[in-house]
Ligand SMILES: Nc1ncnc2c1ncn2[C@@H]1O[C@H](COP(=O)(O)OP(=O)(O)OP(=O)(O)O)[C@@H](O)[C@H]1O
């Protein structure tokens with residue numbers, strides 16, 4: 001197949017996305033969707049009104065964390081910002097005295113020495129306060145970052161599965177980090193410091209001018225360029241937007257890049273002889289079609305759209321104060337003082353530079369504060385599913401479960417793309433239930449509703465005769481043990497990975513080893529792994545950081561690097577045994593009344609599978625068990641109830657013998673018969 005990705009003209013024509021409330025701009029590969037903004041000024045005021053409450057809240061939090069250090073740090077930061085103007089003023093005082101001395105032919109030596117000493121002493125004070133400020137900043141910064149990281153940690157640990165699927169942005173790695181909170185505040189304090197510095201510069205300018213009116217003219221002229229810059233230059237920085245690339249060549253390049261960059265594809269590339277050449281060719285082909293279409297950050301490309309005449313105008317506005325200064329010197333030569341003529345334009349440059357920087361600070365702190373605001377909103381946000389009020393009744397019998405006319409569609413799908421349709425069934429306490437059906441028929445989804453990982457869209461799921469939504473999540477979780485093929489291992493030691501099944505006994509090695517034996521993991525942990533139960537399979541790479549490390553070969557650094565964060569590879573079946581061990585650990589709580597297992601043996605060898613099932617069946621006393629399986633055999637033949645699913649519907653239910661009597665018309669019969677023909681000896 002020769003599929004070429006042609007040029008970029010006919011892209012981005014999806015009419016669904018063209019809402020009248022949006023402005024759409026194409027910037028290089030990016031199609032940018034902007035919310036329309038009625039007025040720049042109004043929008044900014046509205047945003048700041050909201051952000052002020054965030055600032056208040058942050059101030060209180062920071063003050064609580066460092067009641068003495070934080071206010072002192074704010075004051076010292078402000079002082080350090082204003083200090084250059086005072087230093088400059090003290091320097092200019094010396095300069096004036098020297099100029100006056102030159103004019104009069106006589107120097108006031110004492111006054112000059114006093115002025116020089118004042119400047120030196122003040123410079124020393126500034127240095128000491130800056131030094132202290134830097135030290136204090138580290139302490140305050142560390143406390144703030146740790147505090148907010150803990151808040152975000154707690155919040156992320158609370159987000160449940162259905163909420164995270166309905167709001168995938170919650171799972172973003174960079175939703176907010178403690179650093180953002182710190183930078184939001186630091187930018188703000190620096191912004192206030194800059195404002196004070198500008199005010200003090202303007203005040204100082206007034207001392208260089210002859211009248212208040214003249215000082216005002218200078219102040220206005222100084223402000224011209226920064227204001228013009230913000231109003232005339234196109235900017236995306238203070239707009240709300242998202243950008244997507246539907247540029248096929250750019251997207252293809254990104255996919256190809258990920259194939260060669262990510263370790264998970266490495267084996268595939270290496271084991272397929274000519275794929276490397278194919279990938280390179282395809283990459284070059286896509287790049288040639290893309291030509292000079294830029295992939296730079298949209299906001300940077302947008303600023304590039306500025307008009308040349310406005311750019312020149314904005315630059316010339318910056319020189320207005322200089323022209324005014326020279327003109328007034330020529331018009332009033334009697335008031336001429338060379339040092340003042342030299343200082344006024346310099347003061348103007350300082351003010352405009354500070355104003356430019358202030359604009360950037362404000363914009364940055366607006367963005368950062370908006371993220372902080374989001375954290376404050378999110379940490380108090382409830383999960384999409386409400387918690388119930390009751391505890392699961394403790395009993396020495398398994399749970400009874402029922403579904404009445406249950407339909408369900410996943411939160412990230414449209415309502416008409418339902419995963420389950422009108423399911424009704426009853427499971428009696430202590431029954432062994434097996435769910436069968438072809439891929440995608442809704443078996444796992446059924447388990448997720450029985451364990452309330454999701455709430456049904458309509459109908460009712462009940463546990464022991466009560467609506468499942470009336471029970472507390474904590475109580476429901478304690479009474480359930482879930483075992484699936486895609487359970488993840490945590491980046492913690494193996495003993496902890498098993499121990500978390502029963503958090504109250506997470507360090508009880510006897511229970512952990514016993515559970516590992518039942519799950520079939522003890523043998524390989526003790527025989528194959530050097531650190532046995534202390535092994536961490538995939539230590540977090542973030543605990544290692546380096547600088548310019550790639551520039552050195554074969555040094556002692558390499559040995560440290562290579563020994564750090566080494567992954568321990570184990571097989572898929574061994575992983576499944578660890579997950580099963582965690583489920584057995586869970587059973588040691590004595591509270592479990594329901595075990596659900598979703599293909600827990602898909603990676604196990606026949607011996608491992610039969611041991612796992614036997615050990616689970618041994619635990620059957622006082623528990624209801626529901627298994628999802630594709631393998632017909634021991635489980636289906638001994639099940640009290642088989643639920644047979646097809647395309648999201650429960651098409652048959654009964655025991656193996658009952659369902660087999662339906663003959664060739666029955667769905668269960670067909671599945672059983674097909675497998676019997678493929679694996680004759682297994683069934
Ligand atoms: N998290 C999810 N978000 C959206 N749709 C999902 C999700 N999980 C499953 N589905 C969809 O719901 C339907 C039922 O999936 P389910 O996993 O329950 O099937 P299954 O019978 O367990 O399949 P298999 O035998 O392949 O494991 C499928 O169409 C699937 O694509």
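Only the coordinates and a few stated rules stand behind these numbers; no lab work does. Quick caveat: nothing in here was measured; it's all calculated off a predicted structure. Cβ sites come from the backbone with ideal geometry, for glycine too, and all protein chains shown count toward neighbours.
Classify region 603-683 from the C-alpha gyration tensor, please: rounded if a/c falls under 1.5, else prolate or oblate depending on whether a/b exceeds b/c. Working shown, then result.
Details: a/c = 2.07, a/b = 1.34, b/c = 1.55.
Oblate is the answer for region 603-683, as a/c is 1.5 or above yet b/c matches or exceeds a/b.
Taking region 368-424, how much of its Cα-Cα pair set, in percent, is spaced more than 12 angstrom apart? Intermediate results must be reported in sequence, preceding the final value.
Details: 1281 of 1596 pairs.
Of all Cα-Cα pairs in region 368-424, 80 percent lie more than 12 Å apart.
Name the shape class, rounded, prolate or oblate, that the alpha-carbon gyration tensor gives for region 33-91, where a ≥ b ≥ c are the square roots of its eigenvalues, rounded holds for a/c under 1.5, and otherwise prolate holds if a/b is larger than b/c and oblate otherwise.
Details: a/c = 4.29, a/b = 1.45, b/c = 2.96.
It comes out oblate by the Cα gyration axes.
If each DSSP helix of 4+ residues adds -39,500 (n - 2.57) and the sum is divided by the residues in the chain, what number results at 222 nm, nearest 500 deg cm²/dmol? Before the final figure, lay out the partial values.
Values: 24 runs with 373 residues, N = 683.
About -18000 deg cm²/dmol.
On a 0 to 90 degree scale, rounded to 10, what angle separates helix 212-232 from the longest Cα axis of the chain?
30 degrees
I need 220, 435 ordered by Cβ neighbour count within 10 Å, fewest first. All intermediate terms of the calculation are to be shown ahead of the outcome.
Values: 220 13, 435 26.
With the sparsest Cβ surroundings first, the list reads 220, 435.
Give me the compactness ratio for the chain, meaning the Cα radius of gyration over 2.2 N^0.38 Å.
Numbers: Rg = 35.5 Å, N = 683, 2.2 N^0.38 = 26.3 Å.
So the Cα radius of gyration is 1.35 times the expected 2.2 N^0.38 Å.
When the C-alpha atoms of region 530-625 are aligned to their principal axes, what extent does each axis show, in angstrom, from largest down?
62, 30, 23
What Kirkwood hydrodynamic radius, in Å, does region 431-517 give when the mean of 1/r is taken over all pairs of distinct Cα atoms and then inverted?
Working: mean 1/r = 0.0644 Å⁻¹.
Computed over region 431-517, the radius equals 15.5 Å.
What is the percent of Cα-Cα separations in region 243-378 that go past 17 Å?
On the way: 7176 of 9180 pairs.
The share of Cα pairs beyond 17 Å in region 243-378 comes to 78 percent.
When N counts the residues of region 260-339, how does its alpha-carbon radius of gyration compare numerically with 2.2 N^0.38 Å, as a ratio? Walk me through the intermediate numbers first.
Numbers: Rg = 29.4 Å, N = 80, 2.2 N^0.38 = 11.6 Å.
For region 260-339, the normalised Cα radius of gyration is 2.52.
Sort 662, 97, 253, 399 so that the residue with the fewest other Cβ atoms within 10 Å of its own Cβ comes first and the one with the most comes last. Intermediate results must be reported in sequence, preceding the final value.
Details: 662 15, 97 18, 253 22, 399 25.
Starting with the residue having the fewest Cβ neighbours, the order is 662, 97, 253, 399.
In Å, what Rg and Dmax follow from the Cα atoms of region 205-251?
21.1, 65
Classify region 81-225 as rounded, prolate or oblate from the Cα gyration tensor: take a ≥ b ≥ c as the square roots of its eigenvalues, call it rounded if a/c is under 1.5, otherwise prolate when a/b beats b/c and oblate if not. Each step should come with its number before you reach the end.
Numbers: a/c = 6.99, a/b = 2.43, b/c = 2.87.
Cα axes put region 81-225 in the oblate bin.
For region 482-601, what is Rg from Cα atoms divided by 2.2 N^0.38 Å, rounded to two decimals? Each step should come with its number before you reach the end.
Details: Rg = 17.2 Å, N = 120, 2.2 N^0.38 = 13.6 Å.
That works out to 1.26 for region 482-601.
With contacts defined as alpha carbon pairs under 8 Å and 6 or more residues apart, what's the relative contact order of the chain in percent? Provide the component values of the computation, followed by the final result.
Numbers: 880 pairs, mean separation 98.0, N = 683.
Dividing the mean separation by the residue count of the chain yields 14 percent.
In nm, give the distance between the simple-model label positions of residue 113 and residue 64, each being 7 Å from the Cα along the Cα-to-Cβ direction.
Result for the modelled spin labels: 5.7 nm.
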